[in-house]
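One structure is given here, and the rest of the page talks about it.
Only the coordinates and a few stated rules stand behind these numbers; no lab work does. Fair warning: this is a prediction, and the values are worked out from it, not measured in the lab. Reconstructed Cβ throughout: ideal geometry from the backbone, glycine too, with neighbour counts over all protein chains shown.
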Amino acid sequence: MDAWAWRGENGVQLVLTNHALPRHPIESHEIKVTLKNLAPPKSAWTSRIDEDHANPLRLWKAMGEPTYLKPYQVERLTEASCVMPAPQSWKQDGDDIVLHVTLPPHAVAMVTLE
């Protein structure tokens, strides 16, 4: 598990990863993040890359792993590769903001709080 955070003009961003070296065990992790002395955000969302999000390889395999793609297949794969933000829930605890993010194996998530 790795995490990076930074504050910019428009809020706070976190990047969370769940990776392991080859042949090392890996499992899903529930991550609790507490941001100290942070005003309540106006909006919060998470963008993910994992088995279920932004994964065109999964779709290509489901297509039968074609060597040559038809135009509609290229379009579908392009859509499947897009990173789509989803709302992120959070709770206020005094002056702190607390959020929970579950990361499956080999996942990356970017949480944005504005």
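Among the strands (runs of 3 or more DSSP E) confined wholly to segment 35-114, which include 2 or more residues that are over 17 Å from the mean Cα position of the chain (by Cα)? Steps first, please.
Numbers: elements: 44-49, 91-93, 96-103, 107-113.
Hits in segment 35-114: 91-93, 96-103.
For A54, state whether it is closer than 21 Å to G8 by Cα and touching a strand residue (DSSP E or B) at 6+ places or on another chain (Cβ under 8 Å). Even if it seems obvious, please write down each step before you answer.
Values: closer than 21 Å to G8 by Cα: no; touching a strand residue (DSSP E or B) at 6+ places or on another chain (Cβ under 8 Å): yes.
No: the conditions fail for A54.
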Tell me, please, whether a residue that is of a type in the set (A, V, I, L, M), loosely packed, with under 13 Cβ neighbours inside 10 Å and within 22 Å of W4 (Cβ to Cβ) can be found in segment 59-77.
no
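From the list A62, A80, pick out the single residue that is touching a helix residue (DSSP H, G or I) at 6+ places or on another chain (Cβ under 9 Å), over 30 Å from E9 (Cα atoms) and of a type in the set (G, A, S).
Values: A62 fails: touching a helix residue (DSSP H, G or I) at 6+ places or on another chain (Cβ under 9 Å).
Just one listed residue meets the conditions, A80.
Could we say that Q88 is of a type outside the set (S, T, Y), in contact (Cβ under 8 Å) with a residue 60 or more places away in the chain and in contact with a strand residue (DSSP E or B) (Cβ under 6 Å, 6 or more places away or on another chain) here? Before you say what the answer is, go through the steps one by one.
Details: of a type outside the set (S, T, Y): yes; in contact (Cβ under 8 Å) with a residue 60 or more places away in the chain: no; in contact with a strand residue (DSSP E or B) (Cβ under 6 Å, 6 or more places away or on another chain): yes.
Spelling it out, it is not the case that Q88 is of a type outside the set (S, T, Y), in contact (Cβ under 8 Å) with a residue 60 or more places away in the chain and in contact with a strand residue (DSSP E or B) (Cβ under 6 Å, 6 or more places away or on another chain).
Identify the residue in segment 1-57 that is among the hydrophobic types (A, V, I, L, M, F, W, C) and exposed (fewer than 10 other Cβ atoms within 10 Å of the Cβ) and, among all such residues, is nearest to W90 (Cα to Cα). Steps first, answer last, please.
Pass one, segment 1-57, residues among the hydrophobic types (A, V, I, L, M, F, W, C): 1, 3-6, 12, 14-16, 20-21, 26, 31, 33, 35, 38-39, 44-45, 49, 54, 57.
Now restrict to residues that are exposed (fewer than 10 other Cβ atoms within 10 Å of the Cβ): 6, 21.
Working: W6: 18, L21: 31 Å.
Per the stated criteria, the residue is W6.
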Residue check, P56 against (1) out of contact with any helix residue (DSSP H, G or I) (no Cβ under 7 Å at 6 or more places or on another chain); (2) in contact (Cβ under 8 Å) with a residue 24 or more places away in the chain, all met but one. Which one?
(1)
Mind checking whether some residue in segment 28-51 is within 19 Å of V111 (Cα to Cα), free of Cβ contacts under 8 Å to residues at least 60 places away in the same chain and touching a helix residue (DSSP H, G or I) at 6+ places or on another chain (Cβ under 9 Å)?
yes
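Search segment 91-114 for residues being of a type in the set (G, A, S) and in contact (Cβ under 8 Å) with a residue 24 or more places away in the chain, and hand back the single one that is farthest from R23 (Cα to Cα).
The qualifying residue farthest from R23 (Cα to Cα) is A109.
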